[in-house]
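The values are calculated or read from the model by the stated rules, or taken from the named source; none is laboratory data. Computed from a predicted model, the values in this text were never measured in an experiment. Note: ideal-geometry Cβ built from the backbone for every residue, glycine included; neighbour counts use all protein chains shown. For the accessible areas, the whole protein counts, side chains as well, though only heavy atoms, and no ligand, DNA or RNA atoms are used. Shrake-Rupley method; radii C 1.70, N 1.55, O 1.52, S 1.80 Å.
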Amino acid sequence: MKIGFDFMGGDYAPSETIAGVHQFFQQDVDPSVHLVLIGDLKAAASYLSVLEPFQGRYTLVDAPETIGMHEHPTKALKEKQNSSIAIGFGMLQMQKIDAFCSAGNTGAMMVGAMYTVKNIEGILRPTIASPIPRADGKWNLLLDVGINADCKPENLVQFAQLGSLYMQKVYGVENPKVGLLNIGEEEGKGNILCQATYPLLNSVEGLNFVGNIEGRDVFKYKAEVVVCEGFVGNVLLKAAESIYDIFRVERKVDDELLDTYNFEVYGGTPILGINKPVVIGHGVSHALAFKNMLNVAARIVDADLMNVFKAHFAQPITE
C-alpha cells in the first residue's frame, strides 16, 4: 500500500506535517504501508532527520511549487504543475500511489479530485463526510459538510448510501442507522428538499433508514449516518468545532467528552464518490491531525472501499 502525502499542505507545514509522519510511523503500523512524501525538499530539509529511523518506509518526491491557501484552485493547478497537490493527483491518476492526503488548498483538492480522479460511474456528485462526536464518546458520520451547498433529493440518497457503506466497510459498523437531518421527526416536516428526500430514503433496499432526526440528536446515538445538504452540514460542523475552542482552549475546561470535539483526533475527511481515495485536512492542523489523516487513508485503502462503491453504484443514474 502506497499513500501519497502532501507535506507542504497546511498553515504549519512542513514542521507539523513531518512531525505527523513521525508519529504515524511510531504506531504499530503494518510494514506494508509505504508513504510517498510530496513537497519542497529544500523547505523540509531541516525537519527530515526525525524520519531517519524509518528509512525504507517512505519515499521523497520533490515538488518545488506550493499552492497557497488563497489561490484560485483551477488557475493554480493549471499553472503550478510542479506543486505538491498537482503532482500528488498525477501520481494517483497514474496509479503510482493508492491514496492521496493533503491539508492544503481545499478548492484545489476538490478540483483535482473531480477533474483528475473523477466520479465513480453512477455517482451524481461526490461528498465530503466528517465525523461528529457524540455523548457516549463515539462518533456519527455527517455528510455533506460543504461541497454541495444545494442538493437534489437524489443527491442526499446517494450520500446516505455512501456514508452507510463507509461506516460498514471502513469502521465495521454493522447495518448503520441513517437519519435525515430535519426540523422535526415527523414525516412531512421540513423544506421541500427534506420532504422529497424522505420517501426516497425510505424506499432504498438495504438502507437502515430511521427517519428524520433533529439537530439535538446529531450528538447522540440515534443515527450513525446523518444526511443533509452541504450548507447545513458545514454550519453544523463549524459549530461543533467552536465548542472545543470555547470550552477547552479558551476556558480551559478539562473534560473527556470535550476532547472528542478536537478535530485533530479524526485527522481528515474523505471525499466519497470518486475513483481513488482522497483525504483532505484542516488548514490549521498539527502533527496529531496529520498522523490520523494517514490512518484514515490507510483504513480506506485496506477496506478496498472504492471497489465497494463501484459495485454498489454499477447502474448509472442521470441527474
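So here's what we get for this one:
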| read-out | value |
| --- | --- |
| Hey, Tyr261 under 20 Å from Ser164 (Cβ atoms), in contact (Cβ under 8 Å) with a residue 60 or more places away in the chain and open to solvent by 20 Å² or more (accessible area, probe 1.4 Å) or not | no |
| Filter result for Asn202 (of a type outside the set (Gly, Ala, Ser) and not in a helix (DSSP H, G or I)) | no |
| Exclusive hit being of a type in the set (D, E, K, R), under 16 Å from the mean Cα position of the chain (by Cα) and open to solvent by 30 Å² or more (accessible area, probe 1.4 Å), set Lys238, Lys222, Lys252 | Lys238 |
| Pick from segment 20-36, criterion free of Cβ contacts under 8 Å to residues at least 40 places away in the same chain and either part of a helix (DSSP H, G or I) or under 19 Å from Ala103 (Cβ atoms) (or both), ranking: least open to solvent (accessible area, probe 1.4 Å) | Phe25 |
| Unique match (being open to solvent by 60 Å² or more (accessible area, probe 1.4 Å), touching a residue at least 24 places away in the same chain (Cβ under 8 Å) and of a type in the set (S, T, N, Q)) among Gln55, Gln93 | Gln93 |
| Residues of segment 79-126 that turn out to be touching a helix residue (DSSP H, G or I) at 6+ places or on another chain (Cβ under 9 Å) and part of a helix (DSSP H, G or I), as a count | 18 |
| Given (1) under 27 Å from Ile147 (Cβ atoms); (2) open to solvent by 30 Å² or more (accessible area, probe 1.4 Å); (3) assigned to a loop (DSSP other than H, G, I, E, B), number of the condition Thr74 does not satisfy | (3) |
| Only one of Met306, Met293 that is under 23 Å from the mean Cα position of the chain (by Cα), assigned to a helix (DSSP H, G or I) and over 18 Å from Trp139 (Cβ atoms) | Met306 |
| Selected residue (criterion: modelled with the lowest pLDDT) from residues of segment 197-214 that are open to solvent by 40 Å² or more (accessible area, probe 1.4 Å) and small (Gly, Ala, Ser) | Gly206 |
| Options Asp98, Asp144; residue that is within 21 Å of Ala289 (Cα to Cα), at pLDDT 95 or above and either among the charged types (D, E, K, R) or loosely packed, with under 15 Cβ neighbours inside 10 Å (or both) | Asp98 |
| Subset of segment 130-141 [surrounded by fewer than 24 Cβ atoms within 10 Å (Cβ to Cβ) and either aliphatic (A, V, I, L, M) or not in a strand (DSSP E or B) (or both)] | Ile132, Arg134, Ala135, Asp136, Gly137, Lys138 |
